[in-house]
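As structure tokens, the structure follows; a few thoughts come after it.
The values are calculated or read from the model by the stated rules, or taken from the named source; none is laboratory data. Remember, it's a predicted structure, so these values are computed and weren't measured experimentally. Counting neighbours? That spans all protein chains shown, and the Cβs are built from the backbone with ideal geometry, glycine included.
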Amino acid sequence: MDRRRFLKLAAGAGVAGLLGRGAGALGAAESKRPPNVVLIISDDHHWSDYGFMGGDVVKTPHLNRLARAGLVLRRAYVPTALCRPSLATLSTGLYAHQHRITGNDAARGIANGREESIKLHDGLPSLPRMLARAGYNCLQTGKWWEGSWKRGGFTHGMTKGSRHGDAGLKIGRETMQPIHDVIDDSVEAGKPFFVWYAPFLPHLPHNPPGRLLEKYLVAGRPRALAAYYAMCEWLDETCGDLLDYLEKKGVADQTLVIFVADNGWTQGAERHGAFGGKRGKRTVYEGGVRTPIVVRWPGRVKPAVDDTHLGISIDIVPTILAACGLKPTADMQGVNLLAADALAKRERIFGEGFAHDMADLADPAKSLVARWCIEGRWKLIVRADKGRGRVELYDVLADPQEKTDLAASHPDRVKALRARIDDWWPAK
């Protein structure tokens, strides 16, 4: 299936038509067995740099294959566009202001700041803890900020406890063997498995294999941009390895695979630096917070492309829990993406941006930069930093690069959306 035809798949279909009703092609015994779960988390990846998202530069054949077999939410987001808080949300199903890990580091004035911030995660009923209690082998690989894999609630892992993830960062860039080993052991023991695959890709350093870099070095394209594109394809290759291994072991049909990026990236022409331009990582603009979400579960999720309904990464934990026969906690505000009407009923989503360093571990509002809301085609941003109280309004369907601020010409819409943001989290 070519890309153009794929992007038109299921056009006009309602959400009820996107999701399977019951076991579908699965046999009765298989439908009662809890699924294996693979969560793939890309790292610093712009929402359009995939073939299945309409990108025509970066080659992503393996992720395209995943998308063709699953539900693709093309209007999906993360609430916070920074690595650690975004990953903590994917672990807990909570907004950053709920789990309070709002930045990558504690401010210098906080005594023993890193340890104290990890304790915030220790006290939460995270996804790996809940799945491990349900009998899953739970493997951590890649990015993991919250201490060692054991401390995070995993049964297996790579990260020993340093900031980004130390030995865990070898996954993808150097090896896929730890994932193969846990899948092998789980299949042999007849146990379900959960794989947290958060490779340090396409994150800096942008040092792709030469064979990939050469593909993107074309006249007029900055080398730094070519290197980023090659990193995106490198990520895709590793995802292909993982998906192929599920097939090789005969468990692909019993495995729920979800793909998401931790945050976006824009390659700033003025500065090829750590934060990917003025409207990318760390910002509340589309280049920072937008990401595709792909959900594949053969026989349970019908392949489709959804360009209409809003998804957000707080949905991923409750979705996985529901698939595994477990209940979300009362604090989880996300919806189950496997429920036929969940997305159809959703009217809006919310998000928040914070400073890189956490000013106060007990009060997330002290690090707040901005809150935002998307309702239909409209996105309102309410600043809390230097422009405290200033608002920006964008029509993100007509203007996805957010070039034209429409706040002054739509005061009633600004007022309504701001009231909804305040109802969601007053941030006082």
ask   = Out of the residues in segment 345-364 that are closer than 15 Å to Pro79 by Cα and of a type in the set (A, V, I, L, M), which is surrounded by the most Cβ atoms within 10 Å (Cβ to Cβ)?
value = Ile349
key: Residue list for segment 229-265, restricted to those being outside any helix (DSSP H, G or I), surrounded by 24 or more Cβ atoms within 10 Å (Cβ to Cβ) and either touching an Asp or Glu at 6+ places or on another chain (Cβ under 8 Å) or of a type in the set (S, T, N, Q) (or both)   = Ala261, Asp262, Asn263, Gly264, Trp265
Among (1) within 20 Å of the chain's Cα centre (by Cα); (2) surrounded by 14 or more Cβ atoms within 10 Å (Cβ to Cβ); (3) among the charged types (D, E, K, R), the one test that Lys215 misses = (1)
request  = Evaluate the following for Ala342: is it closer than 19 Å to Pro79 by Cα, among the small types (Gly, Ala, Ser) and either crowded, with 16+ Cβ neighbours inside 10 Å or more than 16 Å from the chain's Cα centre (by Cα) (or both)?
outcome  = yes
message = If I filter segment 369-428 down to residues being touching a helix residue (DSSP H, G or I) at 6+ places or on another chain (Cβ under 7 Å) and under 12 Å from Phe350 (Cβ atoms), which single residue comes out as modelled with the lowest pLDDT?
response = Ala427
ask   = So is Ala226 hydrophobic (A, V, I, L, M, F, W, C) and either in contact with a strand residue (DSSP E or B) (Cβ under 8 Å, 6 or more places away or on another chain) or surrounded by 14 or more Cβ atoms within 10 Å (Cβ to Cβ) (or both) or not?
value = yes
task = Kindly indicate whether Ser86 is more than 21 Å from Ile312 (Cβ to Cβ), at pLDDT 95 or above, outside any loop (DSSP other than H, G, I, E, B) and among the small types (Gly, Ala, Ser).
result = no
remark   = Residue pairs within 8 Å by beta carbon, gap of at least six or interchain, first lying in segment 315-326 and in contact (Cβ under 8 Å) with a residue 24 or more places away in the chain and crowded, with 20+ Cβ neighbours inside 10 Å, second of a type outside the set (A, V, I, L, M, F, W, C) and assigned to a helix (DSSP H, G or I), listed first then second, are Val317/Ser91; Val317/Thr92
key: Residue check for Pro79: assigned to a helix (DSSP H, G or I) and in contact with a strand residue (DSSP E or B) (Cβ under 8 Å, 6 or more places away or on another chain)   = no
message = Suppose the filter is surrounded by fewer than 24 Cβ atoms within 10 Å (Cβ to Cβ), out of contact with any helix residue (DSSP H, G or I) (no Cβ under 7 Å at 6 or more places or on another chain) and at pLDDT below 95; does Gly135 pass it?
response = no
message = Criterion first (in a loop (DSSP other than H, G, I, E, B) and crowded, with 18+ Cβ neighbours inside 10 Å) does Gly334 satisfy it?
response = yes
